[in-house]
Every structure is written in C-alpha cells, then in structure tokens.
Amino acid sequence: MYDDLKKYIIIIVGILIMIISIKTCDNNDFYKNIRVIDNANRIDVLVNKNYKLKSDFIPNNLVKLNLKYSTDDKYMVEEAAYNFEKLSEEAYKKNYKIIAVSTYRSYQYQEKLFNYYAKTKGMDYALSCSAKPGHSEHQTGLAVDVMGSNEDYDLFEQAKEFNWMKKNAYKYGFILRYPKGKEKITGFKYEPWHYRYVGTKIAKEIYKKKITLEEYFK
Ligand SMILES: [Zn+2]
C-alpha cells in the first residue's frame, strides 16, 4: 500500500516537473539566441524578441503622413504611408475614423520608452507592454498604432472601427500583428491597435490562414 502511494507520488511529481519545464522553455526563448537583421528595409522584415534591428538602423524613404490621418507629425516608409492613407481614406468615406497615433520610432526613442516603463513600473511591466530597443517593429517604419472615433488607442477594440479594420486592413497590405491567443508565438500580448504593413500578397495570406508573421515564415 505504502509502496503504491510512493509510486503514484513519483509519477505525479515527474509530470509536474515536465509541465513546468515545458512552460519555462517557452518563455525562455524570447530575448535569447538573438540574431541581428541585415536587410531591414524589406517590407517583409521580421522583427521580434529573437530578431533585432541595429541601433543605427533608420529606414529609407520615410515620409510624413497626411495630417488628416494622424494625430501630429508621423513618419512611415513611403509604400506603407501611401497604403495607410488609402485605408484611412476608405474608412473615412464610410464615416469611420482610423488615425495613426504612433508610427516610426527610433532605436533611441524606444530605449527611452522601455527604460521609462522599467523605472516607473518595474521590469516585469516594461517587458510585458513594451519591446526592448531594436526589438520594436516601430523602428522599421512599417508599423502603426491606430485609434478610432473613441479617440483612445488602448480602447480601439471597443471602437466601431475595430471590426472594419479587422476585416479590411489586409486589402491595403496591413495585418493585425499581435492577435489574441498568439502571445506564445509573437512574444507580445494582444494589441488590437497595432498593425503592420507587409504588402497585400503576404497580408492576404496571413489574414485568410489566421496566422502570424512568425508562422508565415515557418
Ligand atoms: Zn505598436
């Protein structure tokens, strides 16, 4: 009887250790084995917690967005800017407002942002809501955080524009970059406001297959 109990306990402890190590392994992949990106001017460039941009990387062809579609002076790579303006204009015609609140951010800006979060709210908070410098897609000039008519990007999911954006962004080459339930793949929490320009061909495939940019490259 005692031997049986011992056997069961050993098996249960073994299973628990296995579960814990699988979970830890998942999380440990982020910010480990980091590779530096060579050609970061490609529109399909993959930037995440394992692929890093150089600190001096500034995208070619940054242009200012039309102020009709942004809160103030915001810059994006020309092709992405052109398509974002097209998307925003199409939304506008339907009485929707899709406005850029954050686009290109330099390495140095991201560094300040991350350090600010770490200092004021702690490292865990900083890691959960911000990217370390070099690991933010905003440095590519291809990412955009948007707000809708409720004028708060944080509440974009509740804006009437969210559903339209979810269904139509791919037609203009944009994808919802950090979807719900894909946190273990992207390394980032669900961000309904963050869209990434990848061109219409890739965006369509990602949208139809309900995958992420990471899965697209697998
Ligand atoms: Zn963003």
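For this structure, a couple of remarks:
- Nitroxide proxy distance, nm - points 7 Å out along Cα→Cβ at GLU79 and ASN39: 1.1
- Anisotropy class of the stretch 35-173 from Cα gyration tensor, a/c 1.5 cut: oblate
- Accessible area per residue, Å², the chain with all protein chains present, probe 1.4 Å: 58
- Residue among TYR109, VAL36, VAL63 farthest towards the positive dipole end of the chain, charges placed on Cβ: VAL36
- Charge tally in the Cβ shell below 15 Å around GLY141, where Lys, Arg are +1 and Asp, Glu are -1, GLY141 excluded: -1
- GNM result for the chain, Cα springs below 10 Å: residue of THR200, THR140, THR103 fluctuating most strongly: THR200
- Taking the inverse of the mean 1/r over every pair of distinct Cα atoms in the stretch 21-112 gives a Kirkwood hydrodynamic radius of 15.5 Å.
- Most mobile of ASN33, ASN115, ASN66 in a GNM of the chain (Cα contacts under 10 Å): ASN33
- Here the accessible area of the chain is 54 percent carbon and sulfur, with a 1.4 angstrom probe and all protein chains present.
The values are calculated or read from the model by the stated rules, or taken from the named source; none is laboratory data. As the structure is a computational prediction, the values presented were derived from the model and not from experiment. Quick reminder, even Gly has a Cβ in these numbers, built from the backbone with ideal geometry, and neighbours come from all protein chains shown. Ligands, DNA and RNA are excluded from the accessible area calculation, which covers all protein heavy atoms including side chains. Shrake-Rupley method; radii C 1.70, N 1.55, O 1.52, S 1.80 Å.
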